[in-house]
1. Quick one: the Cα spread of segment 81-224 along its three principal axes, in angstroms, biggest first?
2. By the scheme Lys and Arg +1, Asp and Glu -1, what is the net charge of all other residues having a beta-carbon under 14 Å from that of Leu96?
3. Expected output is a single nm value to one decimal: the length gained when fully extending between Asp41 and Val10, i.e. 0.36 nm times separation in residues minus the C-alpha distance. What is it?
4. Name the long-range amide H neighbours of Leu13: under 5 Å, sequence gap of 5 or more, or other chain; modelled H, no Pro or chain starts.
5. Per residue of segment 25-40, in order, report the coupling 6.51 cos²θ - 1.76 cosθ + 1.60 (Karplus, θ = phi - 60°) as ³J(HN,Hα) in whole Hz, putting x for Gly and Pro.
6. For a test of understanding, tell me how many lysine pairs in the chain have Cα atoms under 29 Å apart, given they are 8 or more places apart or on different chains.
7. Compute the relative contact order of segment 127-177 as a whole-number percentage, counting only Cα pairs closer than 8 Å that sit 6 or more residues apart in sequence.
8. When a/c reaches 1.5 or more, the comparison of a/b and b/c decides; with that in mind, is segment 1-79 rounded, prolate or oblate per its Cα gyration tensor?
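Every read-out reported here was derived from the displayed coordinates using simple, explicitly stated rules and does not represent laboratory data. Everything numeric in this text was worked out from a predicted model, so none of it was measured. Backbone-built Cβ (ideal geometry, glycine too); neighbour counts: all protein chains shown.
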Amino acid sequence: MSDITIPVGVRELPGYLAVPEGEGPWPGVVIVFEALGATGDMRAQADRFAAGGYLAVLPDLYDGAPWVRCVTKAMRDMRSGRGPAYDHIEAARAWLAGRDDCTGDVGVCGFCMGGGFALVAAAKYDFEAAAVNYGMLPRRPEEALRGACPIVGNYGGADPTLRGAAGRLESALTGAGVTHDVKEYPATGHGFLTETSLPGPLGPVAKIVFGMGRGRANAADGWSRIFAFFDEHLAKKSTT
């Protein structure tokens, strides 16, 4: 596990690389972080994928700057479907795919804001599988997701900010003919797959606005579905 830099044109983007034990090559996964940025919790998710046999990279889309200075611009990029953040995600995918210890097959996994990025990137770039965790849907999702790689999605039924999103995503992916597994967990809020803790007064606010902290007992099932899906659509592809 190490800090690395990812070439993006003539400059470099900081990131974190988690390498499985043993000998590769391994399929890769680009982790797209939630609004708080490249936190220890997001690094832990890269480590989780490495423990599961995936070469995982967490690009710092904020380029080392504090999240409060960057989140508004990143959200604008995510919703528009274009911008530097997408360029950085694609650069991370290409960098990972080109490594000697990667099979060349790469998936993407995003959380919260990163889930929205992962959803668009599933159709925009050459990913083999995508995990979308409580991510915002793009405008005109059936059109935006046409041609996307297989997608597994996790949503919480008690997340007020994404009410009905799982059903709309299921419908859009079905209409677009995309292989998928989307599940909404009842009585479950935002961020249930990880141990994110919001700083200062944001914590109590997030419990009300996002339902944060509710339904974390469902994390094990959510992760089991993600790994089963990636094993089928990403890892198996690398061995055939």
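1. 43, 34, 30
2. Details: positive: Arg93, Arg99; negative: Glu90, Asp100, Asp101, Asp105, Asp126, Glu128.
Here the count lands on -4.
3. Values: separation 31, 0.36 × 31 = 11.16 nm, distance 2.97 nm.
Extra length available between Asp41 and Val10 comes to 8.2 nm.
4. Ile6, Val8
5. x, 10, x, x, 9, 8, 8, 10, 6, 7, 4, 6, x, 7, 6, x
6. Numbers: Lys73/Lys124; Lys73/Lys207; Lys124/Lys183; Lys124/Lys236; Lys124/Lys237; Lys183/Lys207; Lys183/Lys236; Lys183/Lys237.
So the count works out to 8.
7. Working: 53 pairs, mean separation 22.7, N = 51.
Once divided by the residue count of segment 127-177, the mean separation gives 45 percent.
8. On the way: a/c = 2.28, a/b = 1.74, b/c = 1.31.
It comes out prolate by the Cα gyration axes.
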